[in-house]
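**Q** There's a structure below that I have some questions on.
Derivation of every value follows stated rules applied to the coordinates shown; laboratory data play no part. Everything numeric here is computed off the predicted structure, so don't read it as measured data. Glycine also receives a Cβ, built like all others from the backbone with ideal geometry; neighbour counts cover every protein chain displayed.
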Amino acid sequence: MSKNPRPIVVLGGTGFVGSHLVPRLAAAGHPVLVLSRNREKQRQLAVIPQVTVRSADVHSRSVLAQHFAGAEAVVNLVGILNEAGFDGSGFRRAHVDLPRTVIGAMADAGVSRLLHMSSLKAGRGDSHYLRTRGEAEALVRASDTRWTIFQPSVIFGPGDGLFERFAGLLRLAPLMPLGRPDAKLAPVYVGDVCEAFVRALGAPSTIGRTYELYGRAMTLREIVAYTRAQLGLRRPIIGLPDALGWAQAALLGLVPGKPLSLDNWRSLAVDSVGTVDGLAALGIVPTPVDAVVPRMLRGELGRQDELDRYRSRRDGG
C-alpha cells in the first residue's frame, strides 16, 4: 500500500455489515470515509483510526461526486429488508435508484472502482427485495465502472437479524409458528463477508466478477431449532402451511418495525443457497455457525468488540 493511500468511500457503513467492514478496512490500512445521513449519530465510528464520518445526502449525484473525488474505490452496502409501504417504491429507491446515482457520481468524480453488495438469488422470484437487487446488478454490470458484485446468503454475526432476532422471539414466545419452515438458507459469517471485500480491493482479478458468499445450508426450521438449543429453551416450532404463513406475514407486516412482511415471505420462496463458492475463490475458509453463534447468544461476543479494540489502540492500551 502506498504511503498516502486514497480513501475508500463507504455507503451504508453504519449498518450491520458496515459496522464490521469499516473497522476491517481500517485495520488493512485503508483510510475510510463513511457517508451518513446524520454524522452526529455515528460517533462510535470516530474512535477508529483512519475513519472519517460525514453527513451527506447519498441520493444527490452532485453531493456524492464531491465526496467521491480523489477516492480509490466506492463500496455500496446500502440495502433494506423492508420498506415503509407495500408497493416496492422503497426497495426501488434503495436498491435501484441509489446505485444508478452512485454510478453517475463516480463518473463525474473520475472514480472507477466499485464494490457492490447484492444478494444471493438476486433477480429471482416475486419479492420486491430480490427483483430490485437484480435490477441493480444489471445497472452495475452495464456501467463503465470496474465493478465487483457480492451475493451473500443471509449474514450472521454480532448484531444480526437472524440468530439474534430469533433468540429474542424465542425468549418471549411460548411457541414459534413459522412460515416457510423448509426454506433453505446458507448463513455466512459477517467477518467472512468483510474479508471478501477487503481481498477484492487488492485483487485486480476480481474486477468484473460476481462472488456468491455462503456457508452450510440449513432450513429455516433448523436455524430456529439451533437457536432454541443454544438458549436451552423448550419451545414448540410449528411449521405453518402457506395459507397461514401468508396470513402471519400479512399481519406482522402491519406491526411497527415489520418483524416479518409479505415481501420477506415471498423472498423465502427462493432458496438462498449457492452453487459457486465465492469464499473459496477468494481463499477464505467459511466460518461455521458453531464457531460464532453459541458465544454470541451467551453474550460473550458482541458487535462492539472491534470498536473496543480500536478504542484501546487509540488510548494507548
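**Q** Angle between the Cα long axis of helix 98-109 and the longest principal axis of the chain, 0 to 90 degrees, nearest 10?
**A** 10 degrees
**Q** Could you pull out every residue, at least 5 positions away or on a different chain, whose amide H is within less than 5 Å of the one on E212? Hs are placed 1.01 Å off N in the peptide plane, and Pro or chain starts have none.
**A** Residues meeting the amide H criterion: Q151, G278.
**Q** How far, in degrees from 0 to 90, does helix 128-142 lean away from the longest principal axis of the Cα atoms of the chain, to the nearest 10?
**A** 30 degrees
**Q** Okay, next question. If amide hydrogens are placed 1.01 Å from N in the peptide plane, which non-local residues have theirs closer than 5 Å to the one on L178?
**A** The list, which skips near neighbours in sequence, is I238, G239, L240.
**Q** Here's something else I'd like to know. Quick one: 3J(HN,Hα) in Hz for the stretch 21-35, Karplus 6.51/-1.76/1.60 with θ = phi - 60°, rounded, Gly and Pro as x.
**A** Couplings: 6, 4, x, 5, 5, 5, 5, 7, x, 8, x, 10, 10, 9, 9 Hz.
**Q** Sticking with this one: Is the stretch 115-165 best put as rounded, prolate or oblate by its Cα gyration tensor, with a ≥ b ≥ c the root eigenvalues, rounded for a/c under 1.5, and otherwise prolate when a/b is larger than b/c, oblate when not?
**A** Oblate is the answer for the stretch 115-165, as a/c is 1.5 or above yet b/c matches or exceeds a/b.
**Q** Tell me, what ³J(HN,Hα) does each residue in the stretch 216-229 have, in order and in whole Hz, if you take phi through Karplus 6.51 cos²θ - 1.76 cosθ + 1.60 with θ = phi - 60° and put x for Gly and Pro?
**A** Whole-Hz 3J(HN,Hα) from phi for the stretch 216-229: 6, 5, 9, 6, 4, 4, 5, 5, 5, 5, 5, 4, 4, 5.
**Q** Restricting to bridges with both residues inside the chain, how much of the DSSP beta-bridge set is antiparallel, in percent to the nearest 5?
**A** 5 percent
**Q** Here is a further query. Can you show me the helix-derived [θ] at 222 nm for the chain, built from DSSP H runs with n ≥ 4 at -39,500 (n - 2.57) apiece and divided by the number of residues, rounded to the nearest 500.
**A** My calculation for the chain gives -11000 deg cm²/dmol from helical runs alone.
**Q** With a/c under 1.5 counting as rounded, go ahead and sort the stretch 159-317 into rounded, prolate or oblate using the C-alpha gyration tensor (a ≥ b ≥ c being the square roots of the eigenvalues; past the cut-off, prolate if a/b is larger than b/c, else oblate).
**A** Note, shape of the stretch 159-317 comes out oblate.
**Q** Let me know the charge dipole size of the chain about its Cα centre in debye, to the nearest 20, where only the beta-carbon of Lys, Arg (+1) and Asp, Glu (-1) is charged.
**A** 480 debye
**Q** Can you sort I237, I223 by how many other beta carbons sit within 10 Å, fewest first?
**A** I237, I223
**Q** Using the 10 angstrom Cβ neighbour count as an exposure proxy, how do M296, M117 rank, fewest first?
**A** Exposure proxy ranking, most exposed first: M296, M117.
**Q** Calculate how steeply helix 305-314 sits against the longest principal axis of the alpha-carbon atoms of the chain, using the helix alpha-carbon long axis, and give the answer as 0 to 90 degrees to the nearest 10.
**A** Here the helix axis deviates by roughly 30 degrees.
**Q** Suppose every Lys and Arg Cβ carries +1 and every Asp and Glu Cβ carries -1, with no other charges. What dipole size does the stretch 133-263 come out with about its Cα centre, to the nearest 20 debye?
**A** My answer is approximately 360 debye.
**Q** Next up: Classify the stretch 185-251 as rounded, prolate or oblate, taking a ≥ b ≥ c as the square roots of the eigenvalues of its Cα gyration tensor: rounded when a/c is under 1.5, otherwise prolate if a/b is larger than b/c and oblate if not.
**A** prolate
**Q** Roughly speaking, what is the centre-to-centre gap between the stretch 177-223 and the stretch 102-130 when only Cα atoms are used, to the nearest Å?
**A** If you average the Cα positions of each part, the centres end up 17 Å apart.
**Q** Given +1 on the Cβ of Lys and Arg, -1 on the Cβ of Asp and Glu, and no further charges, what dipole in debye does the stretch 40-154 carry about its Cα centre, rounded to the nearest 20?
**A** 180 debye
**Q** With unit charges on the beta carbon (Lys/Arg positive, Asp/Glu negative), name the residue among I103, M218, Q151 whose Cα is farthest towards the positive pole of the charge dipole of the stretch 96-224.
**A** Of the listed residues, the answer is M218.
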